[in-house]
Amino acid sequence: MSWGPGFFYYQCSACGKKFKYAQDMIPEFGADFGKCPVCGTMGTYIKDGPRGTDDADYYEVED
Amino acid sequence: MAKKKTIITVAPTGAWPKKENNPNVPMTPTEIADEVYACWKAGAAVAHLHMRDDQGNGTMDTKKFEETVGLIRERYPDCDIVLNLTTSGDIHADDDLRVAHVEKLKPEMASYDCGSMNWLNTSLFINSPAFLERCGKLFQELNVKPEIEAFDPGMIANAAYYLKKGILVAPLHFQFCMGCANGIPGSMKNLVFMKETMEQLCPGSTWSTFGVGHCAMEMLYGAVALGGHIRVGMEDNVMYAKGQLAESNVQFVERAARVIREYGNDVATPDEAREILSLKK
């Protein structure tokens, strides 16, 4: 049984960008996990969990 | 020299995605049966099946399994796909209900989640020692091959314990579940580690893998390159690619078949899968 990936959802307080990081990317990103992919500001945590109906509103940061 | 055969398992439904996540997820017995048939035609040799209740929630209702398996057999008598039924389709189901459909339908394979974990940081996914011993003995009695789902290396060590105890019988077959929240992160380094751990603790085993989300393609290519087998489908990924909802499970199976063939392997037929997995049809 799998439930797909779990994400941390954020919004940037500086530029407003909504984005998400897959939970299993914590080791990959280290201290950068949660940073805005546009301006580098640490995002404001919104929620975490599996993909919801608003998932497409959040850009997935992968690299 | 004969080409190596790679098994494609399709997991079309799972316990969580609903129509609002992807309108193409098959939910009813009819939808699941039709999808399994289409995936078989596209190259899937094994179908890992979950059921949904009438509200679309994961269920272990024996009647839903009976109806779906019945539809596959009645509507599609030419379909010789290996059926692998979940024992973990509803985290609230008790141990009796989790195996009732296996006792009744005696599928060729059933899932065996080899340890407990916190599930998505919200709930408990319990696979108690008593349940694992019961499943191991029952599967031996009914000649059902356990598909050992390992979400982290500790679950492989747990399988080695049950192998030594005679609860599981070699050769084992593992499904490495990569990138699930609270499980081992999905990376090539970790896939190699899972494989090497398995080879050390349970030599002679076969393995398959899937990656959820961003690591799906990495695990697909990794499985083929490292000599394993692959699972695809909407249980693990509702997105076909970044920002692109999957149109069907067939889409995933067709891509896996392309990768396998382009690598130089053959896509295993169900009977070839039976031979690789030591199933007794």
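If you take the residues in region B:24-37 that are assigned to a loop (DSSP other than H, G, I, E, B) and without any contact (Cβ under 8 Å) to a residue 60 or more places away in the chain, which one is surrounded by the most Cβ atoms within 10 Å (Cβ to Cβ)? Per the criteria, the residue is B:MET27.
When restricted to residues that are within 12 Å of B:HIS229 (Cβ to Cβ) and surrounded by 19 or more Cβ atoms within 10 Å (Cβ to Cβ), region B:254-270 contains 4. One residue stands out in region B:243-281 among those that are of a type in the set (Asp, Glu) and part of a helix (DSSP H, G or I): the one that is nearest to B:GLY179 (Cα to Cα), namely B:GLU254. Residues of region B:149-160 include none that is touching a Phe, Trp or Tyr at 6+ places or on another chain (Cβ under 9 Å), closer than 27 Å to B:PRO23 by Cβ and within 12 Å of chain A (Cβ to nearest Cβ). Mind listing whichever residues of region B:40-64 are over 18 Å from B:ARG231 (Cα atoms) and surrounded by fewer than 21 Cβ atoms within 10 Å (Cβ to Cβ)? Those that are over 18 Å from B:ARG231 (Cα atoms) and surrounded by fewer than 21 Cβ atoms within 10 Å (Cβ to Cβ): B:ASP53, B:ASP54, B:GLN55, B:GLY56, B:ASN57, B:ASP61, B:THR62, B:LYS63.
Candidates in region B:129-179 are the residues that are assigned to a loop (DSSP other than H, G, I, E, B) and surrounded by fewer than 19 Cβ atoms within 10 Å (Cβ to Cβ); of these, the one that is farthest from the chain's Cα centre (by Cα) is B:GLY166.
Might you let me know whether region B:78-98 holds any residue that is within 20 Å of B:TRP16 (Cα to Cα), modelled with pLDDT of 95 or more, assigned to a helix (DSSP H, G or I) and aliphatic (A, V, I, L, M)? Yes; the residues of region B:78-98 include at least one that is within 20 Å of B:TRP16 (Cα to Cα), modelled with pLDDT of 95 or more, assigned to a helix (DSSP H, G or I) and aliphatic (A, V, I, L, M).
The residues of region B:199-242 that are outside any loop (DSSP other than H, G, I, E, B), touching a Leu at 6+ places or on another chain (Cβ under 7 Å) and surrounded by fewer than 23 Cβ atoms within 10 Å (Cβ to Cβ), listed by number, are B:THR206, B:MET239. Given the criteria more than 14 Å from chain A (Cβ to nearest Cβ) and more than 28 Å from B:ASN121 (Cα to Cα), does B:LEU172 qualify? Yes, satisfied.
If the condition is being outside any helix (DSSP H, G or I), loosely packed, with under 15 Cβ neighbours inside 10 Å and within 10 Å of chain B (Cβ to nearest Cβ), then region A:18-63 contributes A:GLY52, A:THR53, A:GLU62, A:ASP63.
For the criterion of being within 14 Å of chain A (Cβ to nearest Cβ), surrounded by 15 or more Cβ atoms within 10 Å (Cβ to Cβ) and over 15 Å from the mean Cα position of the chain (by Cα), B:TRP16 fails.
For the criterion of being out of contact with any helix residue (DSSP H, G or I) (no Cβ under 7 Å at 6 or more places or on another chain) and on the phi > 0 side of the Ramachandran plot, B:GLY227 passes. What do you reckon, is B:LEU71 under 19 Å from B:VAL10 (Cα atoms), surrounded by 15 or more Cβ atoms within 10 Å (Cβ to Cβ) and touching a residue at least 24 places away in the same chain (Cβ under 8 Å)? Yes. B:ILE126 meets the conditions (1) surrounded by fewer than 15 Cβ atoms within 10 Å (Cβ to Cβ); (2) within 14 Å of chain A (Cβ to nearest Cβ); (3) under 30 Å from B:ARG255 (Cα atoms) in every case but one. The failed one is (3).
Taking the criterion of being more than 10 Å from every other protein chain (Cβ to nearest Cβ) and either surrounded by 24 or more Cβ atoms within 10 Å (Cβ to Cβ) or over 22 Å from B:THR6 (Cα atoms) (or both), the only residue of region B:180-193 that qualifies is B:LEU191. So, B:ILE8, is that one under 16 Å from B:ARG231 (Cα atoms) and buried (at least 24 other Cβ atoms within 10 Å of the Cβ) or not? Spelling it out, B:ILE8 is indeed under 16 Å from B:ARG231 (Cα atoms) and buried (at least 24 other Cβ atoms within 10 Å of the Cβ).
The values are calculated or read from the model by the stated rules, or taken from the named source; none is laboratory data. Computed from a predicted model, the values in this text were never measured in an experiment. Backbone-built Cβ (ideal geometry, glycine too); neighbour counts: all protein chains shown.
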